[in-house]
Amino acid sequence: MASRAQKTSAAVKPKGHASCNGATKASRPASAGSASAGGPALSTDQLLELYRAMLRVRILDDRMITLQRQGRIGFYGACTGQEAATLGSAYALEPTDWIFPALREASAMLLRGFPLVPYLAQVFGNSADVTKGRQMPSHQAARAVNQVSWSSCIGTQLPQAVGAAMAARLKRDRTVFMAYMGDGATSASDFHVALNFAGVFKAPVVFVCQNNHWSISMRTDQQTASESIAIKAKAYGFPGVKVDGNDVEAVYAAAKTAVDRARRGEGPTLIEAETYRMGAHSTSDDPTRYRDPKEVELWKTRDPLDRLQARLLKLKVWDARRDEALRTELLGEINAAIKEAESYGPPADETMFEDLYAEVPWNILEQREEYLEYLRRAGPAARGDHA
Amino acid sequence: MPTLNLVQAVNDALRVEMRRNPDVVVMGEDVGKFGGVFRATAGLYEEFGPERVIDTPLAESGIIGTAIGMAMYGLRPVPEIQFSDFIFPAFDQIVNELAKLRYRSGGQYAAPVVIRTPYGGGIKGGHYHSQSPEALFIHTAGLKVVSPSNPYDAKGLLLAAMRQDDPVLFFEPKRIYRAARGEVPEGDYTVELGRAKVVREGDDVTVIAWGAMLHEAERAVEQAAEKGISCELIDLRTLWPLDIDCITESARKTGRVVVVHEAARTCGLGAEICALIQERCFVHLEAPIKRVTGWDTPFPYTLENEYLPRAPRILMGIDEVAAFEA
Ligand SMILES: Cc1ncc(C[n+]2csc(CCOP(=O)(O)OP(=O)(O)O)c2C)c(N)n1
Ligand SMILES: [Mg+2]
């Protein structure tokens, strides 16, 4: 326990949101052969920015899976294959807008300026984690970038997003709320509740369903007999759109349209982004038990990063040399951040009893004392595995 | 006799009963083709087909609600809730419907549903893959609650649960799904619900535990023995209805009791056990009853070993109770 809490938390202030929406440089529209026919378009600078962000997440996820195999982290849930759906949609938000994430949207925080080291500290669950090592890895959240805390419980965030959106309306704020879910989550009761409330109250919320074809071992056609997820919005009285979730421009166009609509007070939208979970459900899962590797191979040909790269090459704003340099740069940045994040000790013992109530009741005070006394008397034996 | 681990024993019980009784159906998320995220239903889909091994959409209220309807119509559903942490979307169906169905219909309808669910911490699962919510269901009149600590009991208790007519919450200690191994008879046998087991006899202190904590308690009891404290260790096995005779008999003998559970202390089953013992054994008690439990906080990720009432903490509880003088 020598290294315990020797360092204090790394800075967690986002480095400014300029990177989030609307590149600072003047934007040329990336027209030639745009994948998104009509609707809001992205400039080449924005496409380049998104390519960098998507590649960063891809490399990061790969590295974390390796770390998990090496036993350096306990668990990891990657968004590999879903970078366009995740980041393309979040890119349509203003920094003041809120994200209610599901399983695979943590990296939207990075896009919105959250620093890498505390982001990774959450995965290590250590003292540099702003959420104090309380949740499993891949459950990042930070008020600094308006990404709310989420639980592992599927679907629960959806009505909460609607409520926050109702609150913003009541306060005459122009904040928009993006609520994510997987295809599996559309089976949960809270999906119905959320969409129904959102329709009734015309809440400024954008639902983004990442239809990645799987809910652990179950195919989407085992979740719903509906011809699509998007069409479900019709029954709730607002638009539903299905987009190619591996086409970042199409995702962005749909998201931006929906965000603008919500901001104008015209109510919610449901976006179904069709994509694919390229990896395992999580590091605890072995997908070879239930899905055909041929399907994975097929979707490899539709990889959102490859597609964006091809588009950038076609636009002649990118080349192999720059690509190689970017990969090297990002890998270096990520490895350095991992090194730093890993160097922090576990959260201080007392943190177990913090943040439970605004005013600490007697049982918590007593148990905290009992606990600290136990740690003193039991010594390393109290630590179990990480003694 | 084959040696099985706990999850294999569960699987075996399901297979035995499905072969015996065509009304038994298994249902839940990922339980079919995949065989469950913990493999508890592995091979059942292949043997019994999709009609009796049902992959359901991701909705616990749907799983339990439809299980209740199936049971009312005469089936014997054994739904799996993937982690007990995710049982709460079905809480309404369990607490307001399942538990009260027989009572509210004046005994006309019943729903013998056996809900299997992995529970407990120590697998690096954080808040939502670690909780021990048994007390919430014990507090709900109309439900039986079971938690085995070893493969033999797991199979025998599950078979017994599937053959009686009340709803059962069957909490499986997932931390020891694979670590708990033991000889399990092939084919059919049952372990009666409502009966605790004295795992080890002793005279000085009674230690009561269940599930994964039974093994922590066992370690503590062995260490106590080395110091000359003789503990009687009771594995509750059925958490409700409790084996009150076994508990009171032991409490009268030792006069000193430690109750161990992973769940938070406040309003945990330990609180009820303390109340029952003091109501029935007051004059025999030599020391206040000690609860060694999870803390009254959510289950943490990084500090999970510190949260759990592991052997060193149980031993301290035993020492304290053994040393108490009025
Ligand atoms: C209420 C609830 N039930 C079950 C689970 C276990 N579980 C975790 S993820 C998952 C599948 C989720 O599928 P989907 O919503 O499509 O998200 P994806 O993993 O594909 O991103 C399940 C069943 C859970 N976390 N919460
Ligand atoms: Mg999915």
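Just a few scattered comments:
- Residues of region A:346-371 satisfying the condition of being closer than 30 Å to residue A:117 by Cβ and facing chain B (nearest Cβ under 10 Å): A:346, A:347, A:348, A:349, A:351, A:352, A:353, A:354, A:355, A:356, A:368, A:371
- Answer residue from region A:264-294, given it is loosely packed, with under 15 Cβ neighbours inside 10 Å and in contact (Cβ under 8 Å) with a residue 24 or more places away in the chain and is farthest from ligand 2 (Cβ to nearest atom) among those: A:265
- Set side by side, the residues B:285, B:269 differ, and just one is within 14 Å of residue B:209 (Cα to Cα) and either in contact with a strand residue (DSSP E or B) (Cβ under 6 Å, 6 or more places away or on another chain) or more than 11 Å from chain A (Cβ to nearest Cβ) (or both), which is B:269.
- Among the residues making up region A:141-160, a single one is under 14 Å from the mean Cα position of the chain (by Cα), within 16 Å of ligand 2 (Cβ to nearest atom) and not in a loop (DSSP other than H, G, I, E, B): A:157.
- Yes/no for residue B:211 being within 30 Å of residue B:97 (Cα to Cα) and either touching a residue at least 24 places away in the same chain (Cβ under 8 Å) or touching a strand residue (DSSP E or B) at 6+ places or on another chain (Cβ under 7 Å) (or both): yes
- Residue satisfying all of: in region B:241-263; small (Gly, Ala, Ser) and buried (at least 22 other Cβ atoms within 10 Å of the Cβ); farthest from the other protein chains (Cβ to nearest Cβ) among these: B:250
- Sole residue being loosely packed, with under 15 Cβ neighbours inside 10 Å and either within 16 Å of ligand 1 (Cβ to nearest atom) or within 30 Å of residue A:45 (Cα to Cα) (or both), chosen from A:348, A:320, A:337: A:320
- Members of region B:16-50 found to be more than 23 Å from residue B:84 (Cα to Cα) and hydrophobic (A, V, I, L, M, F, W, C), listed by number: B:16, B:18, B:48
- Selection of region A:176-206 for residues being in contact with a Ser or Thr (Cβ under 7 Å, 6 or more places away or on another chain), within 13 Å of ligand 1 (Cβ to nearest atom) and not in a helix (DSSP H, G or I) yields A:182, A:183.
- Residue within region B:89-104 that is assigned to a helix (DSSP H, G or I) and of a type in the set (Val, Ile, Thr) present: yes
- For region A:209-230, the candidate set comprises residues that are β-branched (Val, Ile, Thr) and more than 9 Å from every other protein chain (Cβ to nearest Cβ); within that set, the residue that is nearest to ligand 2 (Cβ to nearest atom) is A:220.
- Residue count for region A:372-387 satisfying the condition of being free of Cβ contacts under 8 Å to residues at least 12 places away in the same chain and within 7 Å of chain B (Cβ to nearest Cβ): 7.
- Residue that is farthest from the other protein chains (Cβ to nearest Cβ), among those in region A:129-154 that are of a type in the set (Gly, Ala, Ser) and touching a residue at least 60 places away in the same chain (Cβ under 8 Å): A:144
A short reminder: the numbers here are calculations on the coordinates, not readings from a lab. This one's a predicted model, so the numbers in the text were calculated from it and none came from an experiment. For neighbour counting, all protein chains shown are included, and Cβ atoms are generated from backbone atoms with ideal geometry for every residue, glycine included.
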